[in-house]
Structures are given as structure tokens and as C-alpha cells.
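Right, one structure below, let's go through it.
The values are calculated or read from the model by the stated rules, or taken from the named source; none is laboratory data. Since this is a predicted model, take the numbers as computed values, not measurements. All Cβ positions, glycine included, derive from the backbone under ideal geometry; neighbour counts span all protein chains shown.
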Amino acid sequence: MTFTLPDLPFAYDALVPHMSAETFEFHHDKHHNAYVTNGNKAFEGLPHMGDTLEAVVMNAAKENNMPLFNNAAQHWNHSFFWNCLAPNGGGTSLPGNIQSKIDEDLGGYDEFRAKFVEACMTQFGSGWGWLAMDNNSGKLEIVKTGNAGVPFTDGKTPILTCDVWEHAYYIDYRNARPKYVETFVDSMINWEFVESLVEKGPMKIAA
């Protein structure tokens, strides 16, 4: 397979004032595109690694092929992250299924918000904060991963993510990660996308 850069699901300036067009021009067009380009280079000379991006990530992790894993996983993470964002997103009025799951598994919205922000804040260095579904129990959990890490390599289905690499927020927020993460939760989450993933249930990856 060949990696291709997906289009953003919204205009570059659609999340102003929370995230600028300049951020997306750098984050999507340069950073994400670099993972696509370098991932395709990492494929060169390798045997078949899978028919889907998820399978490639899983197989690269199993074989400890870090050049391929880092670029493939970051391609997946960023493609997923764009869909987690929405103009006029966030807020406390959530669709029914995700609200019920958050109430049942995490103790309600306020507890979710506090724990999610904490996970994003306490991820040392580069990485990601996640709301994920455990594939065995079906329960929602808040987890964090370093660098290119993704929950599905550990048996968890990603439901929501916040990119906490500095390139995700430095243009707009400088070093104020707390303000960025809180704004992400309060004003940028695409809860309809999150709801659709809850309805799908655990991921099934044919590696």
C-alpha cells in the first residue's frame, strides 16, 4: 500500500480563534505530510506489511521496525486527530451514547474532563492523550501514549485523541499546554465523530 495525505475535514481557518489557519498549514501540510513521505520511504525493500494502515502499524510494532512504525502510526494518529476536531465543537451537551458511556465508565463529564486534561498535561515530552475503549471489557478509559504510540497496539480502540506534541499548539499557545488542552476539550471536540466510534464498538484489525 501507499500512504497518502488526507484532506482536512474543514477549512484551514474553521477553528479560529481556538486554532489558527497557520497552525493547520504547518501541522497538516508539513508535519503530517512528512510522516506520509517518510513512511512511504520506509516501505522500500520490505515484504508486504498489511492491506490497511492499521495492519501496517500493528505489523511494524510486532517486528520492532521503528522507522516504519513511527511514521505509519503518526500518519494514523494525525488522520484520526483531524476528525476529532470540529468548528463549534466541544461543550457539555454530548450525544446520548457517549454521554451514557462517560457517565457509566468514567463518573460523568466533569470527571472525564479532569482526567483527560490531566493525562494530556502529564504526558512528558511529545505524545497523545486518548479516550479509548478496552476491547475486552468495552469500557472507556483515559490513556496516554508517548511519541507515536497508539492504543490499538495494546488492545484498546481509540475514541478521541488530543495531540500534545509541541508542533500541535506552539504557534497559537506557545508553551501553554494547559490552555491548549482545556480549549481543545471545551471548544474543539467533534463529539458526533466520537459518538460514531462508540456505536461501532471495538476495532477489528486483520494484520
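Residues checked against (1) under 20 Å from residue 32 (Cβ atoms); (2) among the aromatic types (Phe, Trp, Tyr):
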{"site": "89", "(1), (2)": "yes, no"}
{"site": "95", "(1), (2)": "no, no"}
{"site": "109", "(1), (2)": "no, yes"}
{"site": "121", "(1), (2)": "no, no"}
{"site": "142", "(1), (2)": "no, no"}
{"site": "162", "(1), (2)": "yes, no"}
{"site": "165", "(1), (2)": "yes, yes"}
{"site": "202", "(1), (2)": "no, no"}
Checklist entry - Pick from 3, 26, 81: which is touching a His at 6+ places or on another chain (Cβ under 8 Å), of a type outside the set (Ser, Thr, Tyr), surrounded by 19 or more Cβ atoms within 10 Å (Cβ to Cβ) and modelled with pLDDT of 95 or more? => result 3
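Any residue in region 112-121 that is outside the structural domain of residue 55 (by TED's automatic domain parsing) and part of a strand (DSSP E or B)? Let's see the steps before the verdict.
First pass over region 112-121, keeping only residues outside the structural domain of residue 55 (by TED's automatic domain parsing): 112-121.
Now restrict to residues that are part of a strand (DSSP E or B): none.
The answer is no; no qualifying residue exists.
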Checklist outcome for this item: Exactly one of 154, 105 is of a type in the set (Asp, Glu), more than 28 Å from residue 166 (Cα to Cα) and either at pLDDT below 95 or surrounded by fewer than 21 Cβ atoms within 10 Å (Cβ to Cβ) (or both), and that residue is 105
Checklist outcome for this item: Given (1) in contact with a Lys or Arg (Cβ under 9 Å, 6 or more places away or on another chain); (2) over 16 Å from residue 147 (Cα atoms); (3) in a helix (DSSP H, G or I); (4) not basic (Lys, Arg), residue 92 misses just (3)
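So which residues in region 129-150 are in a loop (DSSP other than H, G, I, E, B) and touching a strand residue (DSSP E or B) at 6+ places or on another chain (Cβ under 8 Å), if there are any at all?
Within region 129-150, the first condition is being in a loop (DSSP other than H, G, I, E, B), and the residues that meet it are 135-139, 147-150.
Scanning region 129-150 gives 135, 139, 147, 149, 150.
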Checklist outcome for this item: When every residue in region 18-59 that is more than 25 Å from residue 7 (Cβ to Cβ) and assigned to a helix (DSSP H, G or I) is compared, the one nearest to the chain's Cα centre (by Cα) is 58
Checklist entry - Looking only at residues in region 78-89 that are in a helix (DSSP H, G or I) and of a type in the set (S, T, N, Q), which one is farthest from residue 148 (Cα to Cα)? => result 83
Item to check | Every pair of residues 6+ apart whose Cβ atoms lie under 6 Å, when the first sits in region 138-151 and is in the same structural domain as residue 164 (by TED's automatic domain parsing) while the second is of a type outside the set (A, V, I, L, M) and in a loop (DSSP other than H, G, I, E, B) | outcome: 144/123; 147/126
Checklist entry - Would a scan of region 33-47 turn up a residue that is farther than 22 Å from residue 173 by Cβ, touching a residue at least 24 places away in the same chain (Cβ under 8 Å), in contact with a His (Cβ under 8 Å, 6 or more places away or on another chain) and surrounded by fewer than 17 Cβ atoms within 10 Å (Cβ to Cβ)? => result no
Next on the checklist: Exactly one condition in (1) aromatic (Phe, Trp, Tyr); (2) closer than 22 Å to residue 17 by Cα; (3) not in a helix (DSSP H, G or I) is false for residue 124; which is it?
Outcome noted: (2)
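Among the residues in region 65-77, are any surrounded by fewer than 20 Cβ atoms within 10 Å (Cβ to Cβ) and outside any helix (DSSP H, G or I)?
Step one: of region 65-77, the residues surrounded by fewer than 20 Cβ atoms within 10 Å (Cβ to Cβ) are 65-67, 70.
Still in the list and also outside any helix (DSSP H, G or I): 65.
Taking every residue of region 65-77 in turn, at least one turns out to be surrounded by fewer than 20 Cβ atoms within 10 Å (Cβ to Cβ) and outside any helix (DSSP H, G or I).
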